[in-house]
Amino acid sequence: MKALEIKKLKKTFKSNFLFKKYEILKGIDINVEEGEIYGFLGPNGAGKTTTIKCVLGIIFPDAGEISIFGKSYNTGEARKKVGFLPEHPYFYDYLTARELLTFTGNLFSLPKKQVSNRADELIKLVGLEKKRELKLKKYSKGMIQRVGLAQSLINDPDLVILDEPFSGLDPIGRKELRDIIISLKEAGKTLFFSSHILQDMEMIVDKVGIILDGSIRKEGRLSDLISHSVRYYETVFTGVAEAALRENNLETNRLDNNYIIKSESEKDANDIIRFVNGHKGQIVSVTPVKMTLEDIFLKEIVG
Ligand SMILES: Nc1ncnc2c1ncn2[C@@H]1O[C@H](COP(=O)(O)OP(=O)(O)OP(=O)(O)O)[C@@H](O)[C@H]1O
Ligand SMILES: [Mg+2]
């Protein structure tokens with residue numbers, strides 16, 4: 001079953017000035033399967049937060065359909081399956097993590113004992129056990145992000161939506177957040193997060209949707225998007241005389257005693273291997289260098 005399905009979603013904002021209309025979402029389709037980590041990728045202003053706000057029912061779409069586990073997004077049944085971490089979470093400074101989680105649990109009218117157990121469990125999950133009695137005003141950006149994530153999980157949602165969860169985190173914070181996201185997937189949750197930090201996305205997502213200027217430009221499994229595309233072949237070799245390279249007009253880079261040649265096709269790479277063997281050289285490695293998510297993303301944007 002699809003955890004989240006968006007069909008032909010449109011959203012227009014009207015400006016107060018001259019009643020001009022801006023079409024921010026131009027009929028987007030998104031398909032998130034149950035149990036996967038979905039990366040929603042797009043440059044600033046592409047429409048990621050607007051899409052998420054529509055899914056959460058914070059703003060209303062002009063057209064299109066949104067369903068969550070097969071139910072229309074604006075039903076109670078769909079709503080209670082969703083957890084959400086906003087782009088810039090902000091909490092009351094004078095609460096501790098535990099108090100915040102208790103407060104949120106009570107909003108969901110969960111039984112007292114369940115709230116207490118769940119709060120402890122979540123504090124552990126996000127690695128804040130040692131800071132649980134500290135007031136939130138003393139928390140770093142990364143810790144606020146983690147307590148926000150814990151809060152979004154208090155009602156044990158099946159679909160967790162995170163808007164730019166990696167922004168502003170240092171490399172350690174990013175690694176920790178990636179690990180938490182993966183552990184949530186292992187616990188059977190579906191994760192949908194927006195980001196423009198490509199490396200983080202590439203490391204954990206199953207599927208990617210690229211949004212640009214209010215339209216989905218590409219959607220697919222990361223493995224399919226990346227593996228089809230070899231950018232170039234890199235052949236590293238040693239033991240060939242410089243003169244032979246010059247005679248054959250071969251352009252090389254040097255690294256210590258090795259030469260490196262980039263070739264565009266497999267055939268060109270094979271020609272190099274034959275040349276090296278024919279000149280008493282040794283092949284050190286031949287690597288097909290694949291497209292990264294960044295290459296795909298840039299290709300979509302720049303063309
Ligand atoms: N309430 C609003 N009224 C008018 N325009 C809006 C409103 N909210 C968003 N926009 C515009 O819609 C566009 C998309 O904004 P959105 O916040 O969805 O982008 P984003 O992809 O989340 O970007 P970022 O990566 O910067 O968070 C922007 O041009 C923004 O200025
Ligand atoms: Mg945004």
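Each value in this text was obtained by applying a stated rule to the coordinates, not by laboratory testing. Please read all numbers here as calculations on a predicted model, not as lab measurements. Please note: Cβ atoms are built from the backbone with ideal geometry, for glycine as well, and neighbour counts cover all protein chains shown.
For this structure, a couple of remarks:
- Pairwise centroid distance, computed over Cα atoms, of the range 96-146 with the range 6-84, Å: 29
- Selected from K112, K141, K218 as most flexible by GNM, with the chain as the system and alpha-carbon contacts under 10 Å: K112
- Backbone HN-Hα couplings from phi across the range 28-43 [Karplus 6.51/-1.76/1.60, Hz, Gly and Pro as x]: 8, 10, 9, 10, 10, 7, 4, x, 9, 9, 10, x, 9, 10, x, x
- Within the listed set I210, I261, I30, the Gaussian network model of the chain (springs between alpha-carbon atoms below 10 Å) gives the highest mean-square fluctuation for I261.
- For the chain, share of DSSP beta bridges that run antiparallel, in % to the nearest 5: 70
- For the chain, built as a Gaussian network whose Cα springs stay under 10 Å, the top-fluctuating residue of I59, I211, I260: I260
- GluC sites (Glu not before Pro) lying in DSSP loop within the range 197-303, provided at most 10 other Cβ fall within 10 Å: E251
- Highest mean packing first, where packing is the average number of other Cβ atoms within 10 Å per residue, the peptides 279-285, 142-148, 154-160 line up as 142-148, 154-160, 279-285.
- Close amide H contacts of L134 (hydrogens built in the peptide plane, cut-off under 5 Å, sequence separation of 5 or more or a different chain): A97.
- Among the chymotrypsin sites (Phe, Trp or Tyr not before Pro) found in the range 50-117, those both in a DSSP coil and sparsely packed, with 14 or fewer other Cβ atoms within 10 Å of their Cβ, are Y90, Y92, Y94, F108.
- Under 20 Å from the Cα of K141 - aspartates and glutamates, other chains or at least 8 residues apart: E87, D93, E99, E129, E133, D163, E164, D170, E176, D179, D200
- Since only L122, T96, V276 are under comparison, the one whose Cα sits farthest along the positive direction of the charge dipole of the chain, derived from C-beta charges on Lys, Arg, Asp and Glu, is T96.
- Per residue of the chain, the DSSP helices (runs of n ≥ 4 H) give a summed -39500 (n - 2.57) that works out to -10500 deg cm²/dmol at 222 nm.
- Computed label-point distance, nm, for sites S183 and E129 using a 7 Å Cα→Cβ extension: 1.0
- Cα-projected label distance for D120 with N270, points at 7 Å along beta-carbon direction, nm: 6.5
- Which listed pairs, of K10/K138; K20/K218; K80/K175; K81/K207; K8/K80, have C-alpha distances above 31 Å, in listed order: K10/K138
- Estimated FRET transfer efficiency when R0 is 25 angstrom, pair S15-L212 (beta carbons, to 0.05): 0.70
- When the GluC sites (Glu not before Pro) in the range 115-199 are filtered for DSSP coil states and for at most 12 other beta-carbon atoms within 10 Å of their beta-carbon, the remaining sites are E133.
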